[in-house]
1. Measuring from label point to label point, each 7 Å out along Cα→Cβ, what is the LEU55 to THR18 span in nm?
2. Past the 17 angstrom mark, what percentage of all C-alpha to C-alpha distances in the stretch 94-157 do you count?
3. Mind running the shape call on the stretch 119-266? Use the C-alpha gyration tensor, a ≥ b ≥ c as the square roots of the eigenvalues: rounded below 1.5 for a/c, prolate if a/b tops b/c, oblate otherwise.
4. Mind listing the Cα extents of the stretch 17-86 along all three principal axes, in Å, largest one first?
5. Could you work out the relative contact order of the stretch 1-158? I mean the mean sequence separation of Cα pairs under 8 Å and 6+ apart, divided by the number of residues, in percent.
6. Under the rule a/c < 1.5 gives rounded, and otherwise a/b versus b/c splits prolate from oblate, where does the stretch 88-204 land using the Cα gyration tensor?
7. Count the net charge of all other residues whose Cβ sits under 13 Å from the Cβ of LEU154, scoring Lys and Arg as +1 and Asp and Glu as -1.
8. May I ask for the net charge around VAL22, where only other residues with Cβ less than 14 Å from the Cβ of VAL22 are counted and Lys, Arg are +1 while Asp, Glu are -1?
Amino acid sequence: MLLDVRNLSVEFVTSRQTVRAVDGVSLTIGAGEVVGLVGESGSGKTTLGLALTRLIPEPPAVIRGGEIRFEGRDLLRVPPGELVQVRGGAIAYVFQEPATSLNPVMTVGRQLIETVEWHTSQRGQAARRRAVELLAQVGIPAAEERLSSYPHELSGGMKQRVMIAMAIASGPKLLVADEPTTALDVTLERQIIALLKRLQRELGLSLLLISHSIHLVRQLADRIAVMWQGRLVEEGPVAQVLAQPRHDYTKRLLAAQPRIAVLEHP
């Protein structure tokens, strides 16, 4: 098992109140498996995703208990130096707002080359060639010319492709994609989902896709896990959960989804 989360609890503590955002959640992801984590805003799914590598701000966040085992190691107990190597390395992230994730005063090339140099042994021209390869791999045309572009010169879809290129630069084993298509229109959303599916297959990645949309997740996932009020209330194979949801919240979530055509995998 690549990732094994056991009874994880995360609270946010302020002077006024304590909110348990993740409440005793257990979740597994196997090698090469795609798991869709769905739930409404505030359900705790993003907190869970960030907690995997302790990216949540501590304080106000406090991890109250549980284990996060990645390749057998409990990431809650590894030394900070080892955790830094895992974060963005073996476990990489793609977030929903590429415009805020990219540095607006640095070229795409500089940001991508720095990522390659940080996570691999490649330097100089070798890192530059790798950056070009990564941009081409995520479907950006004229990849070498794009190295000199600034983020504001790119469309929303292009920015997200750059973020995906940066995420896979380290050769991760697990990619956490948190609402990766929220800022995109329907056409670009389909393209990004197709890209993630292709990369997952080609690179043998495990993928945790976090979304409020069951219909989006169904296009990619092997299994669906449903979060509600910080708890994991239902989990199972995609077809099984969609055809025979057991929990009332899952039924309500399905009923609230717009009826759209399901895309075939590319």
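No value in this document is a laboratory result; all are computed from the given coordinates. Keep in mind that what you see is a predicted model, and the values were worked out from it rather than measured. Neighbour counts run over all protein chains shown; Cβ positions are idealised from the backbone, glycine included.
1. Here the modelled spin labels are 2.7 nm apart.
2. 39
3. Prolate, because a/c is 1.5 or more and a/b exceeds b/c.
4. That gives 33, 29, 17 Å along the principal axes, largest extent first.
5. 20
6. Note, shape of the stretch 88-204 comes out oblate.
7. Overall, the nearby charge balance is +1.
8. Here the count lands on +2.
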